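Heads up, the thing below is written out as structure tokens.
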Amino acid sequence: MTENRTRTVRLQVNGERHEVNLEPRKSLADALREDCGLTGTHLGCEHGVCGTCTVLVDGKPVRGCLIFAVQAEGRSVRTVEGLTGDNNKLHPVQQAFTEHHGLQCGFCTPGFVVLAASYLEENPRPTEDELREVLSSNLCRCTGYQNILDAVMSAAKVMDGDQATIATPANEPSGTSTTG
Amino acid sequence: MKPAPFDYVQVTSVAEALDALAADPDQSKLLAGGQSLVPMMNFRLARPAVLIDINRADELNGVARDGGRLRIGATTRHLQLQNLGGDDALSSLLRRAAVHIGHLPIRTVGTFGGSLAHCDAASEWCLVARLLDAEISTASRERGVRTIAAENFFQSLFTTAMLPDEMLTAVALPLLDDQHHAGFVEFARRAGDFAIVSAAVLVRTVDGVIRTARVCLGGVSSVPFRSSAAEAVLLGQPWSEDGCAARVSAAAADAAATEVAPTGDMHGSEDFRRDLVRALVPRALAQAADSTRNRMRSR
């Protein structure tokens, strides 16, 4: 390929601006890892099945492998790195994963944590059935699903009881925007 | 990077999209939600030279009442339809279909119009469109605006009546009054998987008798299948608060299972798919009655 197809794309990730040069065919997940240096987002299947690359775009969970980085220009992106507050305190979902043994090898964990955190921030009092449905989105090949569910249910209680513990970057709208 | 290289064009209106598409229709693809197209590109099953991103053409997104119809813009997300308010038969049918589509992070992005244009044999929205005789609007620079009935729109596996220079702009569904009762059920081995078989029903009753019946099935042919045999069984039968009698729905299910000619594959043999039709048609009818009962109670 001789043609240079790279372009400059401005991304807003966890409240910080990143100006990156990339090809339009680069997925948002790849751009986050390779161009923004945010390697917390993992990639598994790269065709939308496993959910490992889940990130938030304008507050809504998306498959980072099924959206191109160029599409995210002007949107607000939030990754697992953006869940902790300025004080480095773990997000209640992250804390609950450690307490309930919600991870084993840890590969799928960022996707699960981001998915669960975004859902709980919009739905503070989910039922177990709702959470099972939401979490069915992601795969854990260590098959630690029950502990993941336990962790998220526990996080829901913590978050519902103490909204102040939720860390949201000050300059980022939390999940109010339209699906783009 | 998994997909083959492409030129990316972002448009903010239908007019811009049509211009971009007219430049090289055979080598271009429209990018809506991308939840089917991008996996195909990642596998290099699809290698468009030009990708026209229509996600910022705001005129394509949204749901509005238009006379006796509900007009759904092409890039309306599955989640928008899942969260549609209203307790009428149409709104609840759309919600019940939407929850089966992939998973939450798929439904935040994937679009109604994209689903119809993609024309997957397991698609929930294609089945709903066929059930309700949707009118599908397309536009192109050369052909102008066309309205295509769902019956003619879905032609074969991944093949619709749209030509390469046309784009789907909106879909009109009929509003359903209280005489209508609708249900949507499907069977998949895991939540979020493609359905092996799906069933959607719509009956219109007058004074406790079924006057119009629609039974549509997914997963038994390359495009949504309308079972006229099952519909003939239902027509003229009594309909109470509990729906139709068990023997009637069983007879309709048998008629449908006999009429379909499914192809077996690794996900389910021909016989298994027929058995699923037999199981799902009564469930869809029961759900139609349930929805109406809940609606009446909540008023």
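The values are calculated or read from the model by the stated rules, or taken from the named source; none is laboratory data. What you are looking at is a predicted structure, and each value in this text was computed from that prediction instead of being measured. Cβ sites come from the backbone with ideal geometry, for glycine too, and all protein chains shown count toward neighbours. Please note that ligands, DNA and RNA were not included when accessible areas were found on the heavy atoms of the full protein model with its side chains. Shrake-Rupley method; radii C 1.70, N 1.55, O 1.52, S 1.80 Å.
Determine whether A:Glu81 is within 11 Å of chain B (Cβ to nearest Cβ) and touching a strand residue (DSSP E or B) at 6+ places or on another chain (Cβ under 9 Å).
The answer is no for A:Glu81.
Of everything in the range B:128-172, what is part of a loop (DSSP other than H, G, I, E, B) and on the phi > 0 side of the Ramachandran plot? Give them in sequence order. B:Asp133, B:Phe158 - these are the residues of the range B:128-172 that are part of a loop (DSSP other than H, G, I, E, B) and on the phi > 0 side of the Ramachandran plot. Name the residues in the range B:70-120 that are among the charged types (D, E, K, R), touching a residue at least 24 places away in the same chain (Cβ under 8 Å) and closer than 25 Å to B:Gln179 by Cβ, would you? Hits for the range B:70-120 are B:Arg71, B:Asp87, B:Asp88, B:Arg96.
To keep it simple, each residue is scored yes or no on (1) within 20 Å of A:Pro24 (Cα to Cα); (2) over 9 Å from the mean Cα position of the chain (by Cα); (3) among the acidic types (Asp, Glu).
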| residue | (1), (2), (3) |
| --- | --- |
| A:Leu43 | yes, yes, no |
| A:Cys53 | yes, no, no |
| A:Leu56 | yes, no, no |
| A:Cys65 | yes, yes, no |
| A:Arg75 | yes, yes, no |
| A:Glu81 | no, no, yes |
| A:Thr84 | no, yes, no |
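The number of residues in the range A:6-43 that are within 11 Å of chain B (Cβ to nearest Cβ), open to solvent by less than 50 Å² (accessible area, probe 1.4 Å) and in a loop (DSSP other than H, G, I, E, B) comes to 5.
The listed residues are B:Ala256, B:Ala279, and the only one of them that is outside any strand (DSSP E or B), closer than 29 Å to B:Asp87 by Cβ and open to solvent by 20 Å² or more (accessible area, probe 1.4 Å) turns out to be B:Ala279. Among the residues of the range B:30-75, count how many are more than 10 Å from chain A (Cβ to nearest Cβ) and either of a type in the set (Asp, Glu) or under 17 Å from the mean Cα position of the chain (by Cα) (or both). Within the range B:30-75, residues that are more than 10 Å from chain A (Cβ to nearest Cβ) and either of a type in the set (Asp, Glu) or under 17 Å from the mean Cα position of the chain (by Cα) (or both) number 10. Are there any pairs, at least 6 apart or on different chains, whose C-beta atoms fall under 8 Å, with the first in the range A:123-144 and within 9 Å of another protein chain (Cβ to nearest Cβ) and the second of a type in the set (Lys, Arg) and open to solvent by 60 Å² or more (accessible area, probe 1.4 Å), and if so, which? Close Cβ pairs (under 8 Å, with a partner that is of a type in the set (Lys, Arg) and open to solvent by 60 Å² or more (accessible area, probe 1.4 Å)) amount to A:Ser136/B:Arg190. Here A:Arg63 fulfils each of the conditions (1) among the basic types (Lys, Arg); (2) closer than 17 Å to B:Leu37 by Cα; (3) surrounded by fewer than 22 Cβ atoms within 10 Å (Cβ to Cβ) apart from (3).
Residue count for the range B:237-253 under the criterion of being surrounded by fewer than 15 Cβ atoms within 10 Å (Cβ to Cβ), touching a helix residue (DSSP H, G or I) at 6+ places or on another chain (Cβ under 9 Å) and of a type outside the set (S, T, N, Q): the result is 4. Take the conditions (1) more than 9 Å from every other protein chain (Cβ to nearest Cβ); (2) surrounded by 21 or more Cβ atoms within 10 Å (Cβ to Cβ); A:Thr54 misses just one of them, which is (1).
Among the residues of the range A:104-122, just one is away from every other protein chain (no Cβ under 14 Å) and either assigned to a helix (DSSP H, G or I) or hydroxyl-bearing (Ser, Thr, Tyr) (or both), namely A:Thr109.
If you go through the range B:110-152 and pick out every residue that is within 15 Å of B:Gly73 (Cβ to Cβ) and either within 14 Å of chain A (Cβ to nearest Cβ) or under 16 Å from the mean Cα position of the chain (by Cα) (or both), you end up with 14.
Taking the numbered list (1) within 8 Å of chain B (Cβ to nearest Cβ); (2) within 19 Å of A:Asn14 (Cβ to Cβ) in turn, A:Gly48 passes all entries but (2). Among the candidates B:Pro105, B:Pro5, the residue that is within 13 Å of another protein chain (Cβ to nearest Cβ) and either part of a loop (DSSP other than H, G, I, E, B) or surrounded by fewer than 21 Cβ atoms within 10 Å (Cβ to Cβ) (or both) is uniquely B:Pro5.
Inspect the range A:71-89 for any residue being among the acidic types (Asp, Glu), open to solvent by 10 Å² or more (accessible area, probe 1.4 Å) and farther than 26 Å from B:Phe6 by Cα and give the result as yes or no.
Looking through the range A:71-89, at least one residue is among the acidic types (Asp, Glu), open to solvent by 10 Å² or more (accessible area, probe 1.4 Å) and farther than 26 Å from B:Phe6 by Cα.
Summed over the range B:8-21, residues that are within 8 Å of another protein chain (Cβ to nearest Cβ) and open to solvent by less than 30 Å² (accessible area, probe 1.4 Å) total 1.
If you scan the range B:181-196, which residues turn out to be open to solvent by 50 Å² or more (accessible area, probe 1.4 Å) and assigned to a loop (DSSP other than H, G, I, E, B)?
B:Arg189, B:Arg190, B:Ala191, B:Phe194
Restricted to the range B:80-101, and to residues there that are within 14 Å of the chain's Cα centre (by Cα) and open to solvent by 20 Å² or more (accessible area, probe 1.4 Å), the residue that is nearest to the other protein chains (Cβ to nearest Cβ) is B:Val99. Scanning the range B:22-49 for residues that are in contact with a helix residue (DSSP H, G or I) (Cβ under 6 Å, 6 or more places away or on another chain) and more than 20 Å from B:Gly102 (Cβ to Cβ), we see that the one that is least open to solvent (accessible area, probe 1.4 Å) is B:Ser28.
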